[in-house]
Amino acid sequence: MSKIPEKINIKLNLATRLLYPRPIVLITSINNLGKPNIIPVAWIMPTSFSPPLIAISIALTRHSHKLIKESREFVINIPTKELVNIIDLLGSVSGKDVDKFKEFNLTALPAKKVKPPLIGECIAHIECKVESILDTGDHTIFVGRVVAAMADKDIFETDYDLRKVKIILRHEKRYLTTGDYII
Ligand SMILES: Cc1cc2nc3c(=O)[nH]c(=O)nc-3n(C[C@H](O)[C@H](O)[C@H](O)COP(=O)(O)O)c2cc1C
């Protein structure tokens, strides 16, 4: 049997860091004039199989917060290792000031069932309509009902083939990617 490790107390404001590393997604949203925006998000979780629901947690201060609250739609785009260099940049400017599709040379493709675009360079997309909104401290949880989902045809059947794709995870200011299967 392995040894039980000795524990230290962690400051309460650092407790969320005990949940890292976390996978990163890029959420697209749109304003009422049709201008799209992108926000990197690590606070995301599935909440229901049937109906299919996924929750994202967005700070009140983000431009994306306003857009998602007003339009009640968003798309979850899954980036891979190839996009790692722009993840931090996408998260260091606001769509209030910058057109992030133009600035970072990303391709906006039409979604099937919602107005916010897909990011062409990502490997998968989940289109959501906001089903419920929950205020939680300095963030808001937007629960999205999945209305369409698609993935690159070579890398997904019933789950990702992780020998072919390298998902990005955030470990505070550092990034890592998925390794080899161990079992
Ligand atoms: C990897 C990464 C993950 C992030 N995760 C979240 C998150 O889960 N929720 C959130 O509100 N902000 C998150 N942020 C911060 C926003 O992405 C950042 O403030 C962004 O510039 C907001 O853009 P906007 O004002 O255009 O919406 C994250 C940033 C990075 C780089």
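Worth a mention:
- Applying 1/(1 + (r/R0)^6) with R0 = 35 Å to the Cβ-Cβ distance of residue 45 and residue 102 gives a FRET efficiency near 0.70.
- Computed E for residue 6/residue 33 - FRET, C-beta separation, R0 45 angstrom, nearest 0.05: 0.20
- Potential lengthening between residue 181 and residue 136 on full extension [0.36 nm per residue; Cα-Cα distance subtracted]: 12.6 nm
- Virtual spin-label span in nm between residue 158 and residue 172, 7 Å along Cα→Cβ: 4.0 nm
- Residue 148 versus residue 81: modelled label distance in nm, points set 7 Å from Cα along the beta carbon direction: 3.1 nm
- Size of charge dipole - the chain - debye, nearest 20, with Cβ of Lys, Arg +1 and Asp, Glu -1, no other charges: 300 debye
- Relative contact order (%) - the chain, alpha-carbon pairs under 8 angstrom, separation at least six: 24 percent
- Seen from a random direction on average, the alpha-carbon convex hull of the range 1-134 projects onto 11.4 square nanometres.
- Placing unit charges on each Cβ (+1 for Lys and Arg, -1 for Asp and Glu) gives the chain a dipole about its Cα centre, and among 160, 65, 119 the Cα reaching farthest toward its positive end belongs to 65.
- Alpha carbon centroid spacing (whole Å) that separates the range 39-105 from the range 124-183: 11 Å
- For the residue pairs 115/164; 81/113; 81/173; 100/153; 35/129, alpha carbon separations beyond 21 Å are given by 115/164; 81/113; 100/153.
- Summed over the residues of the chain and divided among them, the accessible surface reaches 64 Å² per residue at a probe radius of 1.4 Å.
- Taking amide H as placed 1.01 Å from N in the peptide plane, the amide H of residue 62 sits under 5 Å from none that are at least 5 places away or on another chain.
- Under the Karplus curve 6.51 cos²θ - 1.76 cosθ + 1.60, θ = phi - 60°, whole-Hz ³J(HN,Hα) for the range 86-96, x wherever Gly or Pro sits: 9, 4, 4, 5, 4, x, 10, 10, 10, x, 5
- In the range 22-177, the portion of solvent-accessible area held by carbon and sulfur atoms comes to 55 percent [1.4 Å probe, whole percent, DNA, RNA and ligands not counted].
- The calculated 222 nm mean residue ellipticity attributable to helices in the chain amounts to -2500 deg cm²/dmol, summing -39500 (n - 2.57) over DSSP H runs of n ≥ 4 and dividing by all residues.
The values are calculated or read from the model by the stated rules, or taken from the named source; none is laboratory data. The model shown is predicted, which means the values in this text are computed figures rather than measured ones. Counting neighbours? That spans all protein chains shown, and the Cβs are built from the backbone with ideal geometry, glycine included. Remember, those area values only see protein heavy atoms, side chains included, never the ligands or the DNA or RNA. Shrake-Rupley method; radii C 1.70, N 1.55, O 1.52, S 1.80 Å.
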